[in-house]
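The values are calculated or read from the model by the stated rules, or taken from the named source; none is laboratory data. Since this is a predicted model, take the numbers as computed values, not measurements. Backbone-built Cβ (ideal geometry, glycine too); neighbour counts: all protein chains shown.
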Amino acid sequence: MKVVHVEAGRHLYGGALQVVFLLRALAAQSGEEHVLICAPGAAIGQAVRALGVRVIELALGGDADPWMAVRIARVLRAERADLVHLHSRRGADLWGALAGRIAGVPVVLSRRVDNPEPRVWVALKYRLADRVVTISQGIRRVLLAEGVPAGKVICVPSAVDTGRYRPADDPRPARQALEAEFGLPPGVPVIGMAAQFIPRKG
């Protein structure tokens, strides 16, 4: 089975980083081939190549670039893809789904954000996808409220490999390691948050 993944993000955080984690796990399985389409020079390309996954750099001009559909469809046909998995917005969701339809390839669309979309956009975009994967029940509820059929939407929560954040090789207590890494005076109050500081995140 050959799966072509499409990620339009240029930086390696958030959704793009989740794609790297997914491809790392999938690359370890036998019997499948995974290919990534990304923008030229995107950070994800280098990260995914290091996993042994083939990368195809393609102009991904965003929502205002309908020719993305044609370019992605050409890749899907040339690769003889069995499935296309769309991981991001910026046109990859709509034009990538249309490309799948043009090439006759089933489409899976991942949705990682809970911001509502106009109903006209929802009706068009999600009709083109065979399955929509949300990373939380909250996002799934948003899609259902917008009219996406329940049978089309499945929730697969994001996972985090906590081992990569555990300072196992550092003999110091975690607090001392934190203070040393960030140059903090001993004992100062520290508040940490891993998220975007934007109103929609609360």
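On the given criteria, is residue 148 more than 19 Å from the chain's Cα centre (by Cα), of a type in the set (A, V, I, L, M), more than 24 Å from residue 25 (Cβ to Cβ) and surrounded by 15 or more Cβ atoms within 10 Å (Cβ to Cβ)? The answer is yes for residue 148. Taken over the stretch 30-59, the criterion of being in a helix (DSSP H, G or I) and among the polar types (S, T, N, Q) is satisfied by 46 alone. Hey, among 74, 49, 80, which residue is surrounded by fewer than 16 Cβ atoms within 10 Å (Cβ to Cβ), in contact with a strand residue (DSSP E or B) (Cβ under 6 Å, 6 or more places away or on another chain) and over 25 Å from residue 196 (Cβ atoms)? Unique residue meeting the criteria: 49. Taking residue 135 as the residue in question, decide whether it is among the β-branched types (Val, Ile, Thr), closer than 21 Å to residue 14 by Cα, out of contact with any His (no Cβ under 6 Å at 6 or more places or on another chain) and buried (at least 19 other Cβ atoms within 10 Å of the Cβ). Against the criterion (among the β-branched types (Val, Ile, Thr), closer than 21 Å to residue 14 by Cα, out of contact with any His (no Cβ under 6 Å at 6 or more places or on another chain) and buried (at least 19 other Cβ atoms within 10 Å of the Cβ)), residue 135 qualifies.
Answer yes or no as to whether residue 121 is surrounded by 13 or more Cβ atoms within 10 Å (Cβ to Cβ) and either over 22 Å from residue 11 (Cβ atoms) or free of Cβ contacts under 8 Å to residues at least 24 places away in the same chain (or both). So residue 121 passes the test. Pairing residues of the stretch 173-202 that are free of Cβ contacts under 8 Å to residues at least 60 places away in the same chain with residues that are loosely packed, with under 10 Cβ neighbours inside 10 Å and among the β-branched types (Val, Ile, Thr), at Cβ distances under 6 Å and at least 6 apart in sequence or on separate chains, gives no pairs at all.
Residue 18 meets all of the listed conditions (1) of a type outside the set (D, E, K, R); (2) touching a residue at least 40 places away in the same chain (Cβ under 8 Å); (3) crowded, with 22+ Cβ neighbours inside 10 Å but one, namely (3).
Does the stretch 74-95 hold any residues that are among the hydrophobic types (A, V, I, L, M, F, W, C) and within 14 Å of residue 38 (Cα to Cα), and which are they? Across the stretch 74-95, the qualifying residues are 75, 76, 84, 86, 92, 95.
Per the listing 147, 183, 187, the residue uniquely at pLDDT below 90 and on the phi > 0 side of the Ramachandran plot is 187. Residue count for the stretch 23-73, restricted to those that are touching a residue at least 24 places away in the same chain (Cβ under 8 Å), out of contact with any helix residue (DSSP H, G or I) (no Cβ under 7 Å at 6 or more places or on another chain) and farther than 18 Å from residue 90 by Cβ: 4.
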